[in-house]
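The values are calculated or read from the model by the stated rules, or taken from the named source; none is laboratory data. Every value quoted in this text rests on a predicted model; they were computed, and no experiment measured them. Counting neighbours? That spans all protein chains shown, and the Cβs are built from the backbone with ideal geometry, glycine included.
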Amino acid sequence: MKYGPIIYLGVLTALVATWFGFVAVPRRQLAALGPDVSTNAAGVVVSYPAARSGEAAQGRDIYLSLGCSACHTLQVRPESGGSDIARGWGKRRTVARDYLQDAAPLLGSSRLGPDLANFGERLGTNAFPLVRLFAPRQVSPGSICTPVPFLFETRPIRRGVPSADALVLKGAAAPESGNEVIPGRRARQLAAFLASLSTSVDLPEAPLPVAAETALK
Amino acid sequence: MSGSQSNLSDRPDAVDASCRLPVLYLLAGGLAWLFAGLGLALVAAVKLKWPGFLSQCEVLTYGRLEAASRTALVFGFASQMGLGLAFWILARTGNTRLPVSGIAFVIATVWNAGLTVGIGYLLLQGSSGVTWLEIPRQISPVILAATGLLSLVGIAAFAARDGSRSEPAQWHLLGALIAFPLLYLTAQLALLFFPVRGIAQSVTHGWFSQGLFLLWLAPLALAVLYHFIPVVSERPTASARFAPLAFWTWWILAGWTGAAEWIGGPVPAWWVTVSIAAGVLLLIPIVLTLLNLQGACLFSRSVVLRFAAVSIISFALWGVLTAVTSLRCAQSVLHFTQFGVGLKELFLFGFVAPALFAGVYSVVPRLAGREFPCRISPQAHWIFTTGGIAVMTLAFLVGGWIQGWQLASPEIPFGVVSARLHPWLLVHAFGLALFGFGQMALAANAAWLLFECVKPLKDPVIALFSTTASPVVGK
């Protein structure tokens with residue numbers, strides 16, 4: 001059997017067909033998707049998703065450079081397919097429009113840690129607890145979340161007055177006496193990114209549940 | 001073609017001589033990357049138990065270690081060993097010299113250098129955030145170019161084959177050598193160089209990651225099995241008439257399975273549905289392939305056939321589990337759990353790696369001109385490899401299943417789910433260590449073999465680089 005040319009052609013054809021399905025068509029089809037424009041309660045026109053603030057955008061780069069996606073997803077599955085909504089990880093499923101601003105959507109594939117798609121909402125009005133980045137076990141005993149102490153600076157307390165943003169640390173994580181731990185620029189950026197995570201916006205293709213909507217009013 | 005009919009009898013020697021340098025180099029390089037990847041994976045496993053371990057060191061952050069170890073194992077180990085074996089199989093089945101073997105050696109060195117710099121960069125500067133394309137775009141084109149050129153060498157060997165006869169191993173190799181460079185090129189362009197915003201990226205990315213496994217690693221491993229099982233068991237390929245069907249159904253279907261991993265995700269549903277359907281249909285080529293690959297046996301006296309048997313069993317198990325658990329009802333429980341990681345490991349460590357080892361035990365003695373010196377070591381290698389695979393995949397398949405059921409019950413707090421997973425993570429780490437330990441048997445035996453080959457030579461360096469004469473005097 002003369003197989004050579006048949007295999008060249010067959011494999012190429014099979015590959016090009018899937019290329020259409022997975023590269024060309026999605027680029028085309030999803031390019032038509034634009035932000036959702038609506039008028040909020042105060043009469044201001046808002047567009048969702050909005051571009052991230054500079055600090056949060058830099059924080060996102062840190063998140064991906066440190067590989068936080070190895071354990072955290074950024075997507076909420078519909079109620080029919082998992083307990084994400086029941087666990088309070090989001091009010092509605094996430095849809096393609098939620099990721100319009102992202103160059104490489106960090107959907108993630110493992111949930112060794114909880115989903116973070118709406119982490120900012122879980123914070124509510126609280127400031128992001130930077131201790132959680134320095135030593136997650138201070139906040140959540142036994143946690144296997146990655147500590148990132150290298151984003152912080154340990155330095156001697158200046159003039160006997162601890163700095164206002166020094167971390168409050170207990171036990172083994174606490175610095176030697178006379179020293180304090182303060183967040184560096186990158187820690188603040190990462191925190192800004194995490195605090196910005198929220199998808200609770202009513203979209204035509206993914207409406208917020210009515211109960212939640214009336215509760216907000 | 002260079003050889004005439006009259007010297008066909010000494011052709012095998014000439015074929016082996018042309019392969020010696022690049023093939024042994026690729027196999028040795030693959031082995032080195034296997035250790036690098038396993039080492040990184042073990043440090044990552046320790047960090048899952050003690051996150052504080054080396055936590056001051058940004059370079060060794062869990063996320064980076066995990067990415068670096070996967071990259072080392074798939075690109076450094078499996079791809080490289082697979083290419084080495086591919087060269088030899090294509091030259092041998094075609095009864096032709098490997099073309100430009102010296103240049104192939106140089107390109108392979110460039111590949112290794114690129115990979116080293118790329119993984120170093122990934123650890124030092126952070127990942128690009130795209131799984132399997134974590135090597136940053138400043139360096140990944142080097143690896144792409146090297147992959148493409150090495151593939152061309154393989155394709156040229158196929159084109160120069162003696163006669164028009166061809167066997168299934170050659171088809172799969174040709175497919176892989178054509179498909180992967182194009183896949184890798186497209187993925188780099190679409191994901192690293194000209195990314196569009198949003199979910200289209202994720203769909204494309206799913207396409208690439210499935211292609212990397214199913215249209216590159218799988219055909220490389222299948223080719224090794226298709227070639228060596230009949231040779232070593234001295235029986236022709238069973239049910240050979242199914243082989244073309246198995247080949248074509250695999251190549252037509254496997255490329256469509258890419259979006260299954262986004263089930264329930266923000267990806268338009270039809271991609272996911274198509275992918276699930278293709279994944280289930282993939283059972284057809286898997287069953288047909290199994291029919292062809294009878295002849296390997298777990299209890300055979302030949303370590304080659306025993307490695308082949310482990311590989312085939314893992315392949316079958318992987319196929320069935322992937323098809324069954326891709327259905328929506330199963331995925332709502334198993335998605336995002338360690339079960340998925342377990343399936344990937346079953347594929348890489350259970351199916352691909354043992355097939356490559358079977359190839360190594362067949363090819364290296366021929367190229368070196370002598371048997372592996374230690375007879376016990378391959379047995380130990382097989383036992384630890386098989387045991388390690390069994391422990392680590394079972395830990396994640398079972399532990400991941402339990403994790404999934406608990407995650408599906410919202411009344412169980414996340415912290416409890418996480419704590420109950422801990423023992424399984426430890427068992428997995430133990431399995432990984434067993435597997436790694438087994439590889440030392442192979443490395444030690446290979447080092448001894450090298451020493452034996454080099455010892456009788458006056459000038460070992462010249463002999464190693466000579467591609468025309470066998471370095472083993474008097475054999």
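So here's what we get for this one:
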read-out: Test: residue in region A:60-79 that is β-branched (Val, Ile, Thr) and under 30 Å from B:Gly175 (Cα atoms); value: no
read-out: Candidates A:Ala50, A:Ala42, A:Ala14 - the one that is at the interface with chain B (Cβ under 7 Å from one of its Cβ atoms) and among the aliphatic types (A, V, I, L, M); value: A:Ala14
read-out: Residue match in region A:181-198 (condition: of a type in the set (Ser, Thr, Tyr), in contact with a helix residue (DSSP H, G or I) (Cβ under 9 Å, 6 or more places away or on another chain) and within 14 Å of another protein chain (Cβ to nearest Cβ)); value: no
read-out: Residue match in region B:292-313 (condition: on the phi < 0 side of the Ramachandran plot, within 14 Å of another protein chain (Cβ to nearest Cβ), of a type in the set (A, V, I, L, M) and out of contact with any Gly (no Cβ under 8 Å at 6 or more places or on another chain)); value: no
read-out: Count - residues of region B:288-312 that are in contact (Cβ under 8 Å) with a residue 24 or more places away in the chain and either within 16 Å of B:Ala243 (Cβ to Cβ) or of a type in the set (A, V, I, L, M) (or both); value: 15
read-out: Condition met for B:Gly350 (buried (at least 20 other Cβ atoms within 10 Å of the Cβ) and within 14 Å of another protein chain (Cβ to nearest Cβ)); value: no
read-out: The one condition in (1) more than 7 Å from chain A (Cβ to nearest Cβ); (2) part of a loop (DSSP other than H, G, I, E, B) that B:Ser164 fails to fulfil; value: (1)
read-out: Residue in region A:109-126 that is over 30 Å from A:Pro26 (Cβ atoms), more than 8 Å from every other protein chain (Cβ to nearest Cβ), out of contact with any Lys or Arg (no Cβ under 6 Å at 6 or more places or on another chain) and modelled with pLDDT of 90 or more present; value: yes
read-out: Considering residues of region A:143-172 that are surrounded by fewer than 17 Cβ atoms within 10 Å (Cβ to Cβ) and among the hydroxyl-bearing types (Ser, Thr, Tyr) only, the residue nearest to B:Lys47 (Cα to Cα); value: A:Thr154
read-out: Out of B:Gly211, B:Gly265, B:Gly206, B:Gly279, sole residue that is among the small types (Gly, Ala, Ser) and not in a helix (DSSP H, G or I); value: B:Gly265
read-out: Per-region count, region B:403-418, residues in contact with a helix residue (DSSP H, G or I) (Cβ under 7 Å, 6 or more places away or on another chain), among the β-branched types (Val, Ile, Thr) and farther than 15 Å from A:Ile85 by Cα; value: 1
read-out: Residue pairs meeting the criteria (Cβ under 8 Å; at least 6 apart or on separate chains; first surrounded by 12 or more Cβ atoms within 10 Å (Cβ to Cβ) and in a helix (DSSP H, G or I), in region B:447-461; second of a type in the set (Phe, Trp, Tyr) and at pLDDT 75 or above); value: B:Trp448/B:Phe372; B:Leu449/B:Phe372
read-out: Set B:Arg366, B:Arg370, B:Arg328: member being in contact with a helix residue (DSSP H, G or I) (Cβ under 7 Å, 6 or more places away or on another chain), surrounded by fewer than 21 Cβ atoms within 10 Å (Cβ to Cβ), within 14 Å of chain A (Cβ to nearest Cβ) and basic (Lys, Arg); value: B:Arg328
read-out: Region A:42-59 residues that are under 12 Å from A:Ala191 (Cα atoms), paired with ones that are of a type in the set (A, V, I, L, M, F, W, C) and assigned to a strand (DSSP E or B) (beta carbon under 6 Å, 6 or more apart); value: none
read-out: Members of region B:223-272 found to be aromatic (Phe, Trp, Tyr) and more than 14 Å from chain A (Cβ to nearest Cβ), listed by number; value: B:Phe228, B:Phe242
read-out: Residues (away from every other protein chain (no Cβ under 13 Å) and at pLDDT below 95) located in region B:99-134; value: B:Pro99, B:Val100, B:Ser101, B:Gly102
read-out: Pairs, first within 10 Å of chain A (Cβ to nearest Cβ) in region B:64-79, second part of a helix (DSSP H, G or I) and among the acidic types (Asp, Glu), C-beta under 9 Å, six or more apart; value: B:Arg64/B:Glu58
read-out: Residue within region B:19-42 that is more than 18 Å from B:Leu122 (Cβ to Cβ), at pLDDT below 95, out of contact with any Gly (no Cβ under 8 Å at 6 or more places or on another chain) and away from chain A (no Cβ under 13 Å) present; value: yes
read-out: Per-region count, region A:21-49, residues small (Gly, Ala, Ser), within 30 Å of B:Thr186 (Cα to Cα) and surrounded by 11 or more Cβ atoms within 10 Å (Cβ to Cβ); value: 3
read-out: Filter result (of a type in the set (Gly, Ala, Ser), in a loop (DSSP other than H, G, I, E, B) and either more than 7 Å from chain B (Cβ to nearest Cβ) or free of Cβ contacts under 8 Å to residues at least 24 places away in the same chain (or both)) within region A:69-107; value: A:Gly82, A:Ser83, A:Ala86, A:Gly88, A:Gly90, A:Ala103
read-out: Scan of region B:316-338 for residues that are closer than 24 Å to B:Pro285 by Cβ and free of Cβ contacts under 8 Å to residues at least 60 places away in the same chain, ordered by number; value: B:Ala316, B:Leu317, B:Trp318, B:Gly319, B:Val320, B:Thr322, B:Ala323, B:Val324, B:Thr325, B:Leu327, B:Ala330
read-out: Matching residues in region B:98-130 - criterion: being outside any helix (DSSP H, G or I) and among the aliphatic types (A, V, I, L, M); value: B:Leu98, B:Val100, B:Val130
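For every residue, the table says whether it meets (1) surrounded by 23 or more Cβ atoms within 10 Å (Cβ to Cβ); (2) out of contact with any helix residue (DSSP H, G or I) (no Cβ under 7 Å at 6 or more places or on another chain).
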position: B:Val303; (1), (2): no, no
position: B:Phe307; (1), (2): yes, no
position: B:Thr322; (1), (2): no, no
position: B:Lys344; (1), (2): no, yes
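One line per residue, one yes/no per condition, for (1) touching a helix residue (DSSP H, G or I) at 6+ places or on another chain (Cβ under 8 Å); (2) among the hydrophobic types (A, V, I, L, M, F, W, C); (3) more than 8 Å from chain A (Cβ to nearest Cβ):
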residue: B:Gly175; (1), (2), (3): yes, no, no
residue: B:Ile178; (1), (2), (3): yes, yes, no
residue: B:Pro181; (1), (2), (3): yes, no, yes
residue: B:Thr186; (1), (2), (3): yes, no, no
residue: B:Pro195; (1), (2), (3): yes, no, no
residue: B:Ala200; (1), (2), (3): yes, yes, no
residue: B:Ser209; (1), (2), (3): yes, no, yes
residue: B:Phe213; (1), (2), (3): yes, yes, yes
residue: B:Pro219; (1), (2), (3): yes, no, yes
